[in-house]
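So the structure is just underneath, and the comments pick up after that.
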Amino acid sequence: MGKLSTWRDGLMRRVEGRTPGEIAALTLKTLRHTARGFSPAAARARRADQAFDRRWGTDTGGTMNLSALNVARDRALMGCGYQASNGVALSEAMTAAAIDPARFTFIDYGSGKGRVVMIAAAAGFGRAIGVEFAPELHAVALANADRFAAVGGASRRCEMVLGDAGSYVPPAGPIFAYIYNSFGPVILREVLERLEQRAAAGEEIVAVYVNPQHREAFEASDRWHVLADREDWVLYRPAATPR
């Protein structure tokens, strides 16, 4: 009875104050999220989760619907559920970009539990930053960063920031942005506008968009150029970025 009551209370919190249209959108997102959990890709992701976490003693696996997290309702409706990225796209994009990672600050927008941030730190980026707006995921990411540093995963500790990706102001200097389809086109455009401002000020910017569901945010204008286009990721550079 206790579990049923907890489930019922959680459901009521998720739908309280929502319009019928918002409830329908939330239901559709939940169904899609559940269906993805049974796919072959989800099975491969679970194996990757387990391998990484066994090696480092971290907790980066699993999936989570945003409706189950303590996040702003309006922003949650524009976001996607949590699923860790395995870092393969990052390695491939770094090779395609031909960069020296030590010169760049790595930023994972929508970093969840922080796995790719840790992979970036181990890859030698000057700084590795994760931006996550769900307090529950951020707390896990902080613990993971501590554990990863303690067991020698990287020479520098990852930086985990609790905040909204669209309002996050990136630091000065060259930036390698990593975006794993964590949100829809509205928030994506907010992220890109801030990166474009950095590029217009003369900073070197590279962005990899993994699982690129909203490429139009990059490509609807001439503000971004495609450097590499693969099946599951696209590498971009702002038109204003110095070469």
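The values are calculated or read from the model by the stated rules, or taken from the named source; none is laboratory data. All values derive from a computational prediction rather than experimental measurement. Using ideal geometry, Cβ is built from the backbone for each residue, glycine included, and neighbour counts are taken over all protein chains shown. Ligands, DNA and RNA are stripped out before the accessible areas are found, and what is left, the full protein with its side chains, is counted by its heavy atoms. Shrake-Rupley method; radii C 1.70, N 1.55, O 1.52, S 1.80 Å.
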With a 1.4 Å probe and every protein chain kept in, tell me what percent of the accessible surface of the range 127-218 is carbon plus sulfur.
52
With Arg198 itself left out, Lys, Arg at +1 and Asp, Glu at -1 over residues whose Cβ is under 14 Å from its Cβ give -2
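Tell me the net charge near Glu92. Cut-off is 10 Å between Cβ atoms, Glu92 excluded, with +1 for each Lys or Arg and -1 for each Asp or Glu. Intermediate values should be presented prior to the final figure.
Values: positive: Arg230; negative: Asp232.
Result for the neighbourhood of Glu92: 0.
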Give a residue-ordered list of calculated ³J(HN,Hα) values for the range 157-170 (Karplus: 6.51 cos²θ - 1.76 cosθ + 1.60, θ = phi - 60°; whole Hz; x for Gly, Pro).
6, 5, 10, 10, 10, 8, x, 7, 4, x, 9, 5, 9, x
Each residue of the range 126-135 in turn: what ³J(HN,Hα) in whole Hz from Karplus with 6.51, -1.76, 1.60 and θ = phi - 60°, glycine and Pro shown as x?
x, 9, 10, 10, x, 10, 9, 9, 8, x
Would you please give the residues with an amide H less than 5 Å from that of Met160, counting only those at least 5 places away or on a separate chain, with H modeled from the backbone geometry?
Gly130
Assign unit charges at the C-beta atoms only (+1 for Lys and Arg, -1 for Asp and Glu), then state the dipole size of the range 173-243 relative to its Cα centre in Debye, rounded to the nearest 20.
140
For the range 110-116, Karplus couplings with θ = phi - 60° (6.51, -1.76, 1.60), whole Hz, Gly/Pro x
x, 7, x, 7, x, 4, 5
If you find the alpha carbon centre of the range 80-142 and of the range 182-240, how far apart are they in angstrom?
16
Kirkwood Rh and Cα Rg combined as Rg/Rh, the range 83-237:
0.93
If I model a spin label as a point 7 Å beyond the Cα along the Cα-Cβ vector, how far apart are those points for Asn211 and Arg103 in nm?
3.2
Taking the Cβ of Asp108 as the center, what net charge do the other residues with Cβ under 13 Å away carry, scoring Lys and Arg +1 and Asp and Glu -1?
+1
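Could you order peptides 187-194, 50-57 by the average number of other Cβ atoms within 10 Å of their residues, highest first?
Numbers: 187-194: 20.4, 50-57: 13.9.
Answer by packing, highest mean first, reads 187-194, 50-57.
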